[in-house]
Amino acid sequence: MRSITKEFPGVKALSDVNLVVKAGEIHAICGENGAGKSTLMKVLSGVYPHGTYDGSIVYQGQEVRFSDIRASEHAGIVIIHQELALVPGMSITENIFLGNEPRRNGAIDWKAANRQALDLMARVGLSEDPDTLIKDIGVGKQQLVEIAKAFAKDVKLLILDEPTAALNENDSQHLLDLLRGFKERGITSIMISHKLNEIEAIADSITILRDGKTIETLDVTAGGVDEDRIVRGMVGRELESRFPDHTPKIGETFFEVKNWWVRHPISAERMVCKGSNFHVRRGEIVGFAGLMGAGRTELAMSVFGRSYGVFLGGEIYKDGKRIELKSVADAIDHGLAYVSEDRKAIGLNLLDDIKTSMVAAKLSKVSTNGVIDSVKEYKAAEGYRKSLRVKAPTVDEGVTKLSGGNQQKVVLAKWMFTDPDLLILDEPTRGIDVGAKYEIYGIIQRLAEQGKGVIVISSELPELIGLCDRIYTVFEGQITGDIPRSEADPENLMKQMTSTKKLAAR
Amino acid sequence: MSRFKDLQKNLFGGTTSNARQFGMIFTLVGIVLLFQIWTNGLTLSSTNLIIMVQQYSYILILAIGMLMVIVAGHIDLSVGSIAAFVGIIVAKVMADYDLPWPLAILVGLAIGVIVGAWQGFWVAYVGVPAFIVTLAGMLLFRGGNQYIGNADTVPVPQGFRQIGAGFLPEVGPATGYNNLTLLLGLAACVAVVLRELKLRKTRTEMDAENAPMWVSAIRVGILVAAIIFVTLRFAGGRIGTSFPISGIILAVLVLAYSFITRNTAGGRHIYAVGGNARAAELSGVKLQRVNFMVMMNMSILAALAGMIFVARSAASGPQDGLSWELDAIAACFIGGAAVSGGLGTISGAIVGGLVMAVLNNGLQLKGVGSDMVQIIKGLVLLLAVALDVYNKAQGRFSIIGTLTRSFRGGGTPASPEPTQQSGREPVKTPVA
């Protein structure tokens, strides 16, 4: 790709970007959020057709001009977006061949489709009944279906946008192995990722983007490239530490959940919390480690005003007193806050502006007798915009216009505004770039220093180990370990995260 | 160029994101002027204005409730039938039991509450989509109207007719105008000025930059001029006519509901539920209660609209309220509400309703047949929304908005309400 420039109204997303990918290599693209990685890939894959950008794309020695995604797919370039493009209510086979159905006499030849689907699934290492519906398999397997779909289109250049963002360690590992396998078969891959350890492990070369410009292209095979080196390129400066300095000031236990039982909202047999016990002390940052589907989010949400599943039993104590949290409103009134894992789907109203979002969870604080005082609202929001350094000119800006990191700050502000004693943060740094992560860690630590309890749910073990004072491991709805900071290392955690041993009640 | 933009923004309070509503105001003014010229001044004559208010006030009342239903992400197809159902019961209780008309109005509103509770229950607590519940309601209450009224027409007494056909009485010295209407106009002018001052004060308190005083002056000036013009028209009609009672009811409702949707926590919750129901729920919004209240509120307003209509036509009949729901829904969408919920304002819906009303009225004045009127109305609805969809897809804001940039300091709608909207964001621009 030669000197690609792409402008949106008012924003220059890419300026003069060059990208050289050799055939048969795995090429990683790194950069902070908003650096232009996704835009560049959309240009390459024809999402932004020829003519809407400047510069040229040379593919297999020829200049190409894609008018749409179909044109690029025809040439063997397939992009897999961060948000998977699968139809939940359709089977694996149906999804693999969606828009590309094998036909015989005008009708879909399902026999052939199923046969080919099995073949494609074998190539990506997916062993499922091809008639299984997409909604019944996990995110990791869905990702594999997406890749199988790409193979069905005879892919030569595979573009993956944050393929492992939603995957747990095992699934991620499997995916990376798969990419290596593709390389051996001559398929070129371009991968966008924030997980630098993965990039370091798998990429042959790395192109770093910053502010819509190419910064450098690193050759990993030549050696000398490590995570710090990549980070330096991404942020343009040396990052001394991934975590800000913080001295924990831990007080006494103030929040306790005992013998917590919750079942799945639809299937009556599936227990998502099996007699869980945990506690949080003042000023303590407590981590919840577990594999995808272990039940961490479910546990947190069920505690937060029974907002997930069917409550079967259990007790919550706060400051020694038993409390009942029957609704989200109860939970908020008792000083709980839950920052959801998927901020776009359930954390924010994307139609709102910043100030409306920030006060949404506690309107009573800016209103008298139900009438909102717009001055109070504005001032409260403005205060958070400044103290959390949300990058937006004013609090009247729509939240859709913000980057992931800034949206996450808005969500944090929304819950800080409720004056909580206990904050539950579910994957607080997912899809957020390195610089913003550092800031978010700082905010979490400051909250703890104010004497609040913080629960952090995360799939990134280094993050939990670096941030938390104590880590619970969760496996299949049970809390299997309670590990203090001093004993927390990845091996130890992983062992507990995959063990069925139930932690004895305190 | 940016000065023009600033001026546009300052004058009309909203941001560029209000392009659609902003554009609709100009469209409305344009249509009014077009018909005014085309009908040789008949459109803005006293008699015609009064007729228009009487004829469309109930549709606009429905549009208020419908806007809230649509913002919450639902739809209500039953409003016409509910209006007819309430109308016949009210007419019956007055005819058969000699119930005094003020009590009959209360009975009508009470039936609105009961009907609303019925529909709200299914929508909010059972989770049946509002489309289905109200489709059922449409049949149910239309049948109810015909069952109770025996498909006959039932006349209503004189006192009751006031709410639909009445006017402000003549009081005070003979000025050649209706004095109460003049007072009302004066009050509206004062309100506009006070509102502007309050807005400026609020912005100062927010430490935000205030528009220059002359901008405020122009804005207030335009509004006051429009109000004075309209006031004199209404006050200076045939003796015995003035600003209609139904218009006053409408104005009060518009002001009250604008306030509720914009400035109260309850109103905020409606937008939150429509924008992202799960996020709202996780922020402590009681989803079921909001849905229930919104559906209930719609039915009460439908009951009121039905009674006003019956009062105006002096009798309740089996064909009352036919396809009102469609007019109310169209008004909301023309006025900028989103089909997917979460977006829209009361004032936008009113402007949308007025566009339809003026169009209807003007074409009728020109003697255009109802066949053509329907065709034109259908096209207007389609075009208004298509334009918006197209521009959303293009990631820029509406053509109407762009065109109107050159019309600096145009006009305002012929309604006594200031038409400023809080800055909501109807355009989702793709940002890298």
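Observations
- Backbone amide hydrogens, once placed in the peptide plane, bring B:Leu99 within less than 5 Å of B:Met94, excluding anything fewer than 5 places away on its chain.
- FRET efficiency for B:Ser46 and A:Asp129, using Cβ-Cβ distance with R0 set to 56 Å, rounded to 0.05: 0.15
- The calculated FRET efficiency for the pair A:Ala71 and A:Glu7, based on their C-beta separation and a Förster distance of 22 Å, comes to about 0.50.
- Measuring nothing but how far apart in sequence close Cα pairs (under 8 Å, 6+ apart) lie, relative to its length, region B:169-243 scores a relative contact order of 45 percent.
- Each label point was placed 7 Å from the Cα along the Cα-to-Cβ direction; for A:Lys495 and B:Thr153 their separation is 9.1 nm.
- Region A:248-315: trypsin sites (Lys or Arg not before Pro) in DSSP coil with no more than 14 other Cβ atoms inside 10 Å: A:Lys249, A:Arg270
- Taking a sphere under 12 Å around the Cβ of B:Thr47 and counting the other residues whose Cβ falls inside, with K and R at +1 and D and E at -1, yields a net charge of +2.
- Folded to 0 to 90 degrees: helix A:404-416 orientation relative to chain A principal axis, Cα: 10
- Buried area at the B-A interface (accessible, heavy atoms, 1.4 Å probe, summed, Å²): 2800
- Sparse-neighbourhood loop sites, trypsin sites (Lys or Arg not before Pro) in region B:242-315 - DSSP loop, at most 13 other Cβ within 10 angstrom: none
- Paramagnetic label zone (point 7 Å from Cα along Cα-to-C-beta, A:Ile266; backbone N under 20 Å) in region A:298-314: A:298-299, A:301-302, A:307-312
- The sum of -39500 (n - 2.57) across all DSSP H runs of n ≥ 4, divided by the residue count of the protein assembly as shown, sets its helix-only mean residue ellipticity at 222 nm to -15500 deg cm²/dmol.
- Gain on full stretching of the segment that runs from A:Ser387 to A:Ser364 - 0.36 nm per residue minus C-alpha separation: 6.1 nm
- Nitroxide proxy distance, nm - points 7 Å out along Cα→Cβ at B:Ala256 and B:Val389: 3.6
- A:Lys156-A:Ser486 FRET efficiency (beta carbon distance; Förster radius 56 Å; 0.05 resolution): 0.65
- Angle in degrees between helix A:169-184 and the longest Cα principal axis of chain A, rounded to the nearest 10: 10
- Whether region A:13-89 is rounded, prolate or oblate, judged on the alpha carbon gyration tensor where a/c under 1.5 counts as rounded: rounded
- Within chain B, the longest run free of GluC sites (Glu not before Pro) that sit in a DSSP loop with at most 16 other Cβ atoms within 10 Å is B:210-432.
- The distance from the alpha carbon centre of region A:79-102 to that of region A:176-247 is 29 Å, rounded to a whole number.
- Long-range HN-HN contacts of A:Ile215 with modeled amide H, under 5 Å: A:Ile208, A:Leu209, A:Arg210
- The mean count of C-beta atoms from other chains within 10 Å of the C-beta of residues in A:306-312, rounded to a whole number, is 1.
- Sparsely packed chymotrypsin sites (Phe, Trp or Tyr not before Pro) within region B:294-336, loop by DSSP, other Cβ within 10 Å at most 15: none
- Region A:2-235, dipole about Cα centre (Lys/Arg Cβ +1, Asp/Glu Cβ -1), debye to the nearest 20: 680
- What the phi angles of region A:428-439 give under the Karplus curve with 6.51, -1.76 and 1.60, with θ = phi - 60°, is a coupling list of x, 10, 5, x, 10, 6, 4, x, 5, 4, 4, 5 Hz, glycine and proline written as x.
- Listed by number, the DSSP H helices of chain B that run 20 Å or longer by alpha-carbon position along their axis and have mean Kyte hydropathy of at least 1.0 are B:19-38, B:46-71, B:79-97, B:101-120, B:130-149, B:213-235, B:245-263, B:287-313, B:346-365.
- Under Karplus coefficients 6.51, -1.76 and 1.60, residue-wise ³J(HN,Hα) of region A:95-102 in Hz, glycine/proline x: 5, 4, 9, 4, x, 9, 5, x
- Heavy-atom accessible area, probed at 1.4 angstrom with all protein chains present, ranks A:Thr221, A:Thr253 as A:Thr221, A:Thr253, highest first.
- Amide proton proximity set for A:Leu425, modelled H, under 5 Å, gap of 5+: A:Val339, A:Ile455, A:Val456, A:Ile457
- Share of carbon and sulfur in the accessible heavy-atom surface of region A:2-235 [1.4 Å probe, %]: 46
- Using equal-weight Cα scatterers in the Debye expression, the normalised intensity of region A:161-315 in log10 at q = 0.08, 0.13, 0.15, 0.18 Å⁻¹ is -0.42, -0.86, -0.95, -1.06.
- Over 31 Å between alpha carbons, listed pairs B:Lys92/B:Lys377; A:Lys321/A:Lys362; A:Lys156/A:Lys437; A:Lys37/A:Lys365; A:Lys135/A:Lys321: B:Lys92/B:Lys377; A:Lys156/A:Lys437; A:Lys37/A:Lys365; A:Lys135/A:Lys321
- Shown in residue order for region B:315-320 are the 3J(HN,Hα) couplings computed by the Karplus curve 6.51 cos²θ - 1.76 cosθ + 1.60 at θ = phi - 60°: 7, 9, x, x, 9, 4 Hz (x for Gly and Pro).
- For the protein assembly as shown, the spread of Cα coordinates along the three principal axes comes to 97, 70, 66 Å, biggest extent given first.
- Spacing of the two label points (7 Å from each Cα toward its C-beta) at B:Leu322 and A:Lys111, in nm: 5.7
- Relative to the Cα centre, the charge distribution of the protein assembly as shown, modelled as +1 at Lys and Arg Cβ and -1 at Asp and Glu Cβ, gives a dipole magnitude of about 2000 debye.
- For chain A, the relative contact order comes to 15 percent (Cα pairs under 8 Å, sequence separation of at least 6).
- Relative contact order (%) - chain B, alpha-carbon pairs under 8 angstrom, separation at least six: 35
- Computed over chain B with a Gaussian network model linking Cα atoms closer than 10 Å, the most mobile of B:Ala331, B:Ala225, B:Ala357 is B:Ala225.
The values are calculated or read from the model by the stated rules, or taken from the named source; none is laboratory data. The structure displayed is predicted, hence computed values, not measured ones. Positions of Cβ are backbone-derived with ideal geometry, glycine not excepted, and every protein chain shown enters the neighbour counts. Calculation scope for accessible area: heavy atoms of the full protein, side chains included, ligands and nucleic acids excluded. Shrake-Rupley method; radii C 1.70, N 1.55, O 1.52, S 1.80 Å.
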